[in-house]
Amino acid sequence: MTISILTRKTRLKDRAAWEAALNGVLPRIRELLDKQPGFESLQYLWSAENNGEFAQITAWKNLEECQQYVRAGAAAAIATIEDAAVPTAGHPDGAWLRRTYEVVVASEKS
């Protein structure tokens, strides 16, 4: 499994306002993601520092399908929808950063 984590900071500093704005576009985002080959799941994280930073975490069956999502334009389409509802903070705070990881299952305690 491959995990893609996209982080950015929004102009919204209030978690309730962020959640309300995101919930307004979440059905459209889910619709687009559900059409992507290999899509597994979606999560959002709000910064514990309550500074407007958040993360979008998507899980994919494999790296190739995750890369296809990013390269074929679906990620950009979702980013456009998301940014319209949850505006990115101004420069220099508004940088978007995507990192991709392969999942490694840790062994259980013995």
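Of the strands (runs of 3 or more DSSP E) entirely within the chain, those holding at least 3 residues that are modelled with pLDDT of 95 or more and of a type in the set (A, V, I, L, M) occupy 2-9, 53-60. Of the numbered criteria (1) out of contact with any strand residue (DSSP E or B) (no Cβ under 6 Å at 6 or more places or on another chain); (2) free of Cβ contacts under 8 Å to residues at least 60 places away in the same chain, the one Arg15 fails is (1). Residue selection: Leu42 satisfies the criterion of being surrounded by 14 or more Cβ atoms within 10 Å (Cβ to Cβ) and either under 14 Å from Met1 (Cα atoms) or β-branched (Val, Ile, Thr) (or both). If you go through the stretch 83-98 and pick out every residue that is out of contact with any Ser or Thr (no Cβ under 9 Å at 6 or more places or on another chain) and touching a residue at least 40 places away in the same chain (Cβ under 8 Å), you end up with 4. Set side by side, the residues Gln36, Gln43 differ, and just one is closer than 25 Å to Cys66 by Cβ, of a type in the set (S, T, N, Q) and without any contact (Cβ under 8 Å) to a residue 24 or more places away in the chain, which is Gln43. In the condition set (1) more than 27 Å from Ala106 (Cβ to Cβ); (2) touching a Ser or Thr at 6+ places or on another chain (Cβ under 6 Å), Leu63 is compliant with all but (1).
For every residue, the table says whether it meets (1) exposed (fewer than 11 other Cβ atoms within 10 Å of the Cβ); (2) touching a His at 6+ places or on another chain (Cβ under 6 Å); (3) free of Cβ contacts under 8 Å to residues at least 24 places away in the same chain; (4) closer than 17 Å to Ser4 by Cα.
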| position | (1), (2), (3), (4) |
| --- | --- |
| Pro27 | yes, no, yes, no |
| Ala48 | yes, no, yes, no |
| Asn62 | no, no, no, yes |
| Glu65 | no, no, no, yes |
| Val70 | no, no, no, yes |
| Ala77 | no, no, no, yes |
| Thr100 | no, no, no, yes |
| Val103 | yes, no, no, yes |
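Once the stretch 79-98 is narrowed to residues that are of a type in the set (Gly, Ala, Ser) and touching a strand residue (DSSP E or B) at 6+ places or on another chain (Cβ under 9 Å), the residue that is surrounded by the fewest Cβ atoms within 10 Å (Cβ to Cβ) is Ala95.
The values are calculated or read from the model by the stated rules, or taken from the named source; none is laboratory data. These figures come from a predicted structure and were not determined experimentally. Quick reminder, even Gly has a Cβ in these numbers, built from the backbone with ideal geometry, and neighbours come from all protein chains shown.
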